[in-house]
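Please read the structure below before turning to the comments.
The values are calculated or read from the model by the stated rules, or taken from the named source; none is laboratory data. This is a predicted model, so every value here is computed, not measured. With ideal geometry, Cβ positions are generated from the backbone for all residues, glycine too; neighbour counts draw on all protein chains shown. The accessibility values were calculated without ligands, DNA or RNA, using every heavy atom of the protein model including side chains. Shrake-Rupley method; radii C 1.70, N 1.55, O 1.52, S 1.80 Å.
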Amino acid sequence: MESAGTAGATAVADTRGEPLDVVVIGAGQAGLSAAYYLQHRGLRPERDFVVLDANEGPGGAWRHRWPSLTFDAAHGLHDLPGLPLGVPDPKEPASAVVSRYYGSYEQQYGLPVQRPVRVARIEDEPDGLLMVTAASGETRLTRTVVSGTGTWDRPYWPYYPGREAFAGRQLHTHDFRSAEEFRGERVLVVGGGTSALQFLLQLDAAGATTFWSTRRAPDFTATPFDAEWGVDVERRVNERTRAGLPPLSVVAATGLPLTETYRAGIEAGVLVSRGKLSRIAEDAVVFADGSREEVDVILWATGFRAALDHLAPLQLREPGGGILMAPDAVSVVREPRLFLVGYGSSASTVGATRAGRAGAAAALRRLRADADRRVTLSA
Ligand SMILES: Cc1cc2nc3c(=O)[nH]c(=O)nc-3n(C[C@H](O)[C@H](O)[C@H](O)COP(=O)(O)OP(=O)(O)OC[C@H]3O[C@@H](n4cnc5c(N)ncnc54)[C@H](O)[C@@H]3O)c2cc1C
């Protein structure tokens with residue numbers, strides 16, 4: 001495992017050595033925020049806690065955002081604790097801005113980020129410990145885990161009849177790079193979120209013929225995206241995770257901001273949905289109203305799901321399909337050694353920083369209770 005602070009050094013884990021206090025999984029906004037607060041409150045990097053990140057370099061999910069997504073076209077980025085982002089060049093790709101910012105942050109605070117390390121599974125061990133196993137087979141024993149693995153690694157592809165028979169190209173937001181690739185092609189964009197809107201406008205400008213499919217009428221809203229509205233969105237997402245249901249993504253719950261650019265797109269007929277898809281043919285798509293369009297490409301801008309496969313051995317899924325979360329929105333009801341940050345109501349740039357703080361505080365509370373229990377047992 002390679003540490004950000006000691007590039008090139010390799011620390012092969014001793015599985016039976018002293019357990020760590022905390023393993024943070026993921027060095028996105030949520031994981032870095034958690035790491036900052038763990039360190040700030042006295043945990044020692046490498047000795048007491050580490051951060052394991054699957055990426056090749058800093059930036060979390062933002063590292064992978066398509067190059068044409070400039071910083072001003074993203075919806076903004078909340079500061080990490082202790083180091084403001086400043087005012088980046090609005091025309092620089094968001095992926096470059098955020099990767100540089102997170103990288104400086106890791107360096108400035110000497111955070112013990114080891115990468116690339118993909119955690120494959122977490123399992124229960126004797127003595128109240130958890131075993132964290134990387135895809136490489138390396139293992140770490142720990143008393144608690146703060147998991148901030150985001151959603152980028154779990155693109156969601158909905159099923160429609162005929163999808164497998166489509167002879168053209170199909171790709172997901174996850175794999176989109178540049179609208180220029182689609183010049184002169186007929187492209188169906190599926191999905192009702194802001195990624196779909198941005199793709200449609202870019203594709204149209206690049207000379208593609210676009211069609212848009214959404215399951216419901218696009219949810220354009222003139223509501224100001226203020227604090228009160230933000231609290232309401234988080235409350236609605238929280239209601240689901242506290243009932244053990246899979247989270248509705250925060251971004252999905254926000255609706256679409258009716259900006260000047262989007263208004264112009266609607267007026268130009270580019271941002272007008274043809275409605276729900278009914279089926280897919282070899283060279284065409286058929287909408288629910290029976291209309292049909294020949295297309296070369298289907299771009300699935302259909303969102304992401306929480307990347308939680310590594311937690312499967314802990315068997316945390318409720319009958320509703322989600323993980324039952326405590327009222328603090330970071331503690332897992334069935335597993336008191338595990339904290340989820342950037343999950344459910346904190347799966348936004350504002351929420352992730354705050355959840356990192358709450359996750360670190362909850363892990364430290366658990367460690368104190370655990371230490372008290374061990375003192376009592378040994379007395
Ligand atoms: C296309 C897209 C657009 C978005 N736009 C917005 C927006 O405009 N506004 C907004 O508020 N939010 C937006 N979001 C939500 C976004 O996810 C949050 O803003 C925030 O960046 C998430 O931070 P995070 O730390 O939770 O996750 P991420 O930034 O995804 O970081 C997770 C990290 O965990 C690592 N990881 C994953 N699995 C493992 C594993 N098994 N082992 C080790 N490491 C692992 C990943 O490599 C990654 O580095 C968007 C998300 C997507 C996908």
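Output the residue which, of all residues in region 261-301 that are within 16 Å of the ligand (Cβ to nearest atom) and modelled with pLDDT of 95 or more, is nearest to residue 332 (Cα to Cα).
Of all residues in region 261-301, those within 16 Å of the ligand (Cβ to nearest atom) come to 261-262, 299-301.
With modelled with pLDDT of 95 or more added as a condition, the list becomes 299-301.
Details: 299: 35, 300: 32, 301: 30 Å.
Filtering first and then ranking leaves 301.
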Qualifying residue in region 113-135 (condition: under 20 Å from residue 78 (Cα atoms), at pLDDT 95 or above and in contact with a Gly (Cβ under 8 Å, 6 or more places away or on another chain)): no
Among residues of region 69-78, those that are open to solvent by 50 Å² or more (accessible area, probe 1.4 Å), closer than 27 Å to residue 182 by Cα and in a loop (DSSP other than H, G, I, E, B), counted: 1
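Let's see how each residue does on (1) within 19 Å of the chain's Cα centre (by Cα); (2) surrounded by fewer than 24 Cβ atoms within 10 Å (Cβ to Cβ); (3) assigned to a helix (DSSP H, G or I); (4) more than 10 Å from the ligand (Cβ to nearest atom):
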{"residue": "307", "(1), (2), (3), (4)": "yes, yes, no, no"}
{"residue": "345", "(1), (2), (3), (4)": "yes, no, yes, yes"}
{"residue": "354", "(1), (2), (3), (4)": "yes, yes, yes, yes"}
{"residue": "360", "(1), (2), (3), (4)": "yes, no, yes, yes"}
{"residue": "364", "(1), (2), (3), (4)": "no, yes, yes, yes"}
{"residue": "367", "(1), (2), (3), (4)": "no, yes, yes, yes"}
{"residue": "370", "(1), (2), (3), (4)": "no, yes, yes, yes"}
List the pairs whose first member sits in region 224-253 and is farther than 12 Å from residue 346 by Cα, whose second member is modelled with pLDDT under 75 and open to solvent by 80 Å² or more (accessible area, probe 1.4 Å), and whose Cβ atoms are under 9 Å apart, counting only residues at least 6 apart or on separate chains? 225/75
Taking residue 114 as the residue in question, decide whether it is free of Cβ contacts under 8 Å to residues at least 60 places away in the same chain and under 20 Å from residue 31 (Cα atoms). no
Go over the candidates 132, 145, 117 one by one and state the one that is under 17 Å from residue 43 (Cα atoms) and of a type in the set (A, V, I, L, M, F, W, C). 145
Within 17 Å of residue 116 (Cα to Cα), over 15 Å from the mean Cα position of the chain (by Cα) and of a type in the set (D, E, K, R): is that true of residue 18 in this structure? no
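Test residue 32 against the criterion of being of a type in the set (A, V, I, L, M) and either open to solvent by 30 Å² or more (accessible area, probe 1.4 Å) or within 26 Å of residue 117 (Cβ to Cβ) (or both), and give yes or no.
Details: of a type in the set (A, V, I, L, M): yes; either open to solvent by 30 Å² or more (accessible area, probe 1.4 Å) or within 26 Å of residue 117 (Cβ to Cβ) (or both): yes.
Taking the combined requirement at face value, the residue satisfies it.
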Of the residues 27, 61, which is open to solvent by 30 Å² or more (accessible area, probe 1.4 Å), near the ligand (Cβ under 8 Å from one of its atoms) and under 20 Å from the mean Cα position of the chain (by Cα)? 61
Among 143, 169, which is among the basic types (Lys, Arg), under 30 Å from residue 360 (Cα atoms) and in contact (Cβ under 8 Å) with a residue 24 or more places away in the chain? 143
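Among 261, 223, 302, which is the only one that is open to solvent by 20 Å² or more (accessible area, probe 1.4 Å), farther than 18 Å from residue 354 by Cβ and assigned to a helix (DSSP H, G or I)? Can you show your working first?
On the way: 223 fails: assigned to a helix (DSSP H, G or I); 302 fails: assigned to a helix (DSSP H, G or I).
Being open to solvent by 20 Å² or more (accessible area, probe 1.4 Å), farther than 18 Å from residue 354 by Cβ and assigned to a helix (DSSP H, G or I) holds for just one of 261, 223, 302, which is 261.
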